[in-house]
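Colleague: One structure coming up, written as structure tokens, with questions to follow.
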Amino acid sequence: MSSNGDIKLLTHEIGSLAKPPWHVKTSAGRAVDESDFEHARSWGDRLGVDGHEELVELLQRTEPSDKRTAEVANWSSRYALRLLESAGIEWVYDGEQQRTEMYAWAIEHANGFEPRGTIRSFDNKYYSKSAVTGPISLATPYHNDEFSFLKSAAQHKLKIPVTGAYTLAIWSYDEFYGPSQGRLGGGASRKDEIRARREFALDIARNLIRPNLQALIDLGAEWIQIDEPGASTEEDELELFVESFNVSVEGLDCVFSTHLCFSDYDLFFPAIEGMSECRQYCVGFANYDSRELGTSASDRPGYEVISKFRDLPYEPALGLGVLDIHTDFVESPELVRDRILYAVDVFGDPARIHVCPDCGLRTRSWDVAYDKLVNMVAGTKLAEEALSHSLARSR
Amino acid sequence: MEAFVPGIYPRSEALVQATRDLDRGRTTAEAVEAKRAQDLERLVEVQREAGLDLLTDGMLSWQDLFRPLVEATDGLKTGALTRFLDTNTFYRAPQAEGHAVRLTQPLDERYVAPLPAARFVTLPSPYAFSVGTGLTPGAIAEGVLKPQLEQVDAELVVLSEPFLARAERPTLDDLAAALERLTGGPRLALQITFGDAGPLVERGLFELPVDGVGVDFYATAATAVPEGTDKLLLAGVLDARNSLLEDPLELASFGSQLEQRVERVALVPNGDLQYVSEAIAREKVLRLGRAKAQRAEEAA
């Protein structure tokens, strides 16, 4: 609630944004052209990026070099920050502009893994996949540089997305913990598989994630979001996901949240009752919801499960996904408002509802992502007004 | 002992890059199709090198197991992006728009590519296709799969079934009725991918009206297979979700063990090879061929 007694809802982003073409090209060592200069110019103007003419000059006048690539990546972070800030989002990051990808970036900075090629995620979207081949350790803290830079560049507060231990384990091939032979025809049971994965995930939690989190906290991190899109991959391993989260964060001095997406969320219950260090769950719901307006349960089929988050004994906040990131459809402010109002009604406490997209927006163009985020903030304001009016009437 | 590779085969790194470029407006659809044709050529080569018995086109144009058929069917539409089992790969879940479905246009060469030798085709099983649609497997079989099968020129059609082994209380009655509607055309095999087929065997999996049954032997005990069955056993012995490369000798030895229980065995992957990269899939296919050759040598 704000100081004047009106209801105020926290807004935040989730993680990735598309990389601008001039960043993609310079990272890949390809030549930039007039369209890139124009992109940098027009988005710099549109977002009010301070000194963006320097970027245009950098792209136009300097020869490719590692130094230029690093500087362009920093500009990409400034643009992404401003995209989120100018849309009105309160807690922001840089759309993971400095990272290759949420899985690959973490694995690249870990010992014990080897790349095993590219796998399709859906349609023409892919991810790189590695195999664990030896003992796991942190090669070097892998978010420190970007966080230090972003602290100097951000105008809003920073929430750092970090890929979680269980997702890194389940998205990797196992060539180290499980048996390499003798598995055919009943040679290895499901219990054996789970035992191997537990050892794998907990080694990642202890030896990779935890020291990386500690390094961020030492730099002043206030809120770290542990991304676990793979959390519900195996129904019978949810306790393991919970255990790996707890091992990752236990005793560390920071606010921790978890991002879950594109899953059957019912599966998480009751397992996550044991995840009391998680102060917020940000969860994708819009992907499953109707696009019609309305604030009743039947109007909001995608949000049916939220009462289970409400009833968790440690009363975490819910990061309510209100933007479907898989479509260019731009949710109207009124649709966002109605999704929020329904959630607040279910929770009975607006302080426990935060507003966010379903997931990172990296598969959308900046035009679409920006329009969606602007409407998300506008819809949040409409919801705040409606809730404040309702509160005033009840007094 | 036979060997072949049902399911969706992975794209090469070159085709991956081409499709990424297409999405970013850096290349043309024609250029992507040219890369896809190269992938198909290479896939045919590797199958021949491995000495596989029936060729596949690898379903290289299929977005997922259902989409081309969904898009060609009146009464169906693509739904939410949904995780495929315990993988990080997603599919658009089929959704029904009513009670009647009708395939308007059988899949053309883009989805069932011509091949230079005896071939098989993979299609979704009527049960898997019906999941979440509210339709019966029979309605899917009659309205979608049957008209498609009538147009298929293949030695065998493998009906891929990823969901039945994970169903809470699976019943095979509806599936049996659906499969009955599909008989009379090409030989059919129902492949239970990525899951323990043991409980389904107990419920009559090997009594279904198909010529072959596929079992994932990374999740199913060899002893689950009924002794003396006259069905072709599609033995899932390549682990399509693991980068570890199988030992051909171990595969051959396991195949030999199975041949003591059933008369006809085909070595296959336990599901779509698209869950490993193309480089790994290629090596797995070659090892499958070596296992078959090893077994043939032993038998001789």
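The values are calculated or read from the model by the stated rules, or taken from the named source; none is laboratory data. All values derive from a computational prediction rather than experimental measurement. Note that each Cβ is placed from the backbone with ideal geometry, even for glycine, and that neighbours are counted across all protein chains shown.
Colleague: Sort out which residues of region B:1-35 are part of a helix (DSSP H, G or I), surrounded by fewer than 21 Cβ atoms within 10 Å (Cβ to Cβ) and in contact (Cβ under 8 Å) with a residue 24 or more places away in the chain, and write them in order of number.
Modeller: Passing the criteria: B:13, B:14.
Colleague: Let me ask something additional. Looking only at residues that are part of a loop (DSSP other than H, G, I, E, B) and of a type in the set (Val, Ile, Thr) in region A:81-101, which one is farthest from residue A:354 (Cα to Cα)? It would help to see each step written out before you state the result.
Modeller: Going through region A:81-101, the residues part of a loop (DSSP other than H, G, I, E, B) turn out to be A:88-90, A:93-101.
Filter again for of a type in the set (Val, Ile, Thr), leaving A:89, A:100.
Details: A:89: 11, A:100: 28 Å.
Here the residue is A:100.
Colleague: Let me ask something additional. Report whether or not residue A:65 is more than 23 Å from the chain's Cα centre (by Cα), of a type in the set (Ser, Thr, Tyr) and not assigned by TED's automatic domain parsing to the domain that holds residue A:320.
Modeller: Judged against the criteria, residue A:65 is a match.
Colleague: So how many residues does region A:207-248 have that are outside any helix (DSSP H, G or I) and of a type in the set (D, E, K, R)? Steps first, please.
Modeller: From region A:207-248, those outside any helix (DSSP H, G or I) are A:219-234; that's our starting set.
From what's left, of a type in the set (D, E, K, R): A:222, A:227-228, A:234.
Of the residues in region A:207-248, 4 are outside any helix (DSSP H, G or I) and of a type in the set (D, E, K, R).
Here is a yes/no grid of residues against (1) among the small types (Gly, Ala, Ser); (2) assigned by TED's automatic domain parsing to the domain that holds residue A:46; (3) under 19 Å from the mean Cα position of the chain (by Cα):
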site: A:322; (1), (2), (3): no, no, yes
site: A:330; (1), (2), (3): no, no, no
site: A:333; (1), (2), (3): no, no, no
site: A:341; (1), (2), (3): no, no, no
site: A:348; (1), (2), (3): yes, no, no
site: A:382; (1), (2), (3): no, no, no
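Colleague: Follow-up. Based on this model, can you work out whether residue A:251 counts as closer than 30 Å to residue A:310 by Cβ, more than 12 Å from every other protein chain (Cβ to nearest Cβ), in a loop (DSSP other than H, G, I, E, B) and of a type outside the set (Ser, Thr, Tyr)? Don't jump to the end; show me each part of the working.
Modeller: Details: closer than 30 Å to residue A:310 by Cβ: yes; more than 12 Å from every other protein chain (Cβ to nearest Cβ): yes; in a loop (DSSP other than H, G, I, E, B): yes; of a type outside the set (Ser, Thr, Tyr): yes.
For residue A:251, the condition - closer than 30 Å to residue A:310 by Cβ, more than 12 Å from every other protein chain (Cβ to nearest Cβ), in a loop (DSSP other than H, G, I, E, B) and of a type outside the set (Ser, Thr, Tyr) - is met.
Colleague: Restricting attention to region B:84-102, does a residue exist that is out of contact with any Gly (no Cβ under 6 Å at 6 or more places or on another chain), farther than 30 Å from residue A:129 by Cα and surrounded by fewer than 19 Cβ atoms within 10 Å (Cβ to Cβ)?
Modeller: yes
Colleague: Considering B:156, B:182, which residue is at pLDDT 95 or above and within 26 Å of residue B:89 (Cβ to Cβ)?
Modeller: On the way: B:182 fails: within 26 Å of residue B:89 (Cβ to Cβ).
Answer to the check: B:156.
Colleague: Sticking with this structure for a sec: Hey, can you tell me all the residues within region B:211-260 that are within 24 Å of residue B:157 (Cα to Cα), within 12 Å of chain A (Cβ to nearest Cβ) and assigned to a loop (DSSP other than H, G, I, E, B)?
Modeller: Matches in region B:211-260: B:217, B:218, B:219, B:220, B:225, B:239, B:240, B:241.
Colleague: From the list B:23, B:86, B:57, B:74, exactly one residue is touching a Leu at 6+ places or on another chain (Cβ under 7 Å) and either of a type outside the set (Ser, Thr, Tyr) or more than 11 Å from chain A (Cβ to nearest Cβ) (or both). Which is it? Give the steps one after another, and end with the answer.
Modeller: On the way: B:23 fails: touching a Leu at 6+ places or on another chain (Cβ under 7 Å); B:86 fails: touching a Leu at 6+ places or on another chain (Cβ under 7 Å); B:74 fails: touching a Leu at 6+ places or on another chain (Cβ under 7 Å).
After ruling out the rest, the residue left standing is B:57.
Colleague: Okay, next question. Could you look through region A:105-121, keep only residues that are of a type in the set (S, T, N, Q) and within 11 Å of chain B (Cβ to nearest Cβ), and pick out the one that is farthest from residue A:177 (Cα to Cα)? Lay out the reasoning, then the answer.
Modeller: Taking region A:105-121 as the starting set, the residues that turn out to be of a type in the set (S, T, N, Q) are A:111, A:118, A:121.
Still in the running and within 11 Å of chain B (Cβ to nearest Cβ): A:118, A:121.
Numbers: A:118: 22, A:121: 25 Å.
My answer is A:121.
Colleague: Just checking, how many residues over region B:43-77 are free of Cβ contacts under 8 Å to residues at least 60 places away in the same chain, outside any loop (DSSP other than H, G, I, E, B) and under 20 Å from residue B:104 (Cβ atoms)?
Modeller: The total comes to 6.
Colleague: Inside region A:272-302, can you point out the residues that are surrounded by 18 or more Cβ atoms within 10 Å (Cβ to Cβ) and within 14 Å of chain B (Cβ to nearest Cβ)?
Modeller: If the condition is that a residue be surrounded by 18 or more Cβ atoms within 10 Å (Cβ to Cβ) and within 14 Å of chain B (Cβ to nearest Cβ), then A:284, A:285, A:286, A:287, A:288, A:289, A:302 are the ones that fit.
Colleague: Among residues belonging to region A:176-198 that are within 21 Å of residue A:231 (Cα to Cα), buried (at least 16 other Cβ atoms within 10 Å of the Cβ) and charged (D, E, K, R), point out the one that is farthest from the other protein chains (Cβ to nearest Cβ).
Modeller: A:198
Colleague: Considering only residues that are within 14 Å of chain B (Cβ to nearest Cβ), farther than 30 Å from residue A:86 by Cα and of a type in the set (Val, Ile, Thr), which ones fall in region A:122-175?
Modeller: Scanning region A:122-175 gives A:132, A:133, A:167, A:170.
Colleague: Let me ask another. Looking only at region A:115-127, how many residues end up being in contact (Cβ under 8 Å) with a residue 24 or more places away in the chain and either surrounded by fewer than 18 Cβ atoms within 10 Å (Cβ to Cβ) or of a type outside the set (Lys, Arg) (or both)?
Modeller: Applying the first criterion (in contact (Cβ under 8 Å) with a residue 24 or more places away in the chain) to region A:115-127 yields A:116, A:125, A:127.
Still in the running and either surrounded by fewer than 18 Cβ atoms within 10 Å (Cβ to Cβ) or of a type outside the set (Lys, Arg) (or both): A:125, A:127.
The total comes to 2.
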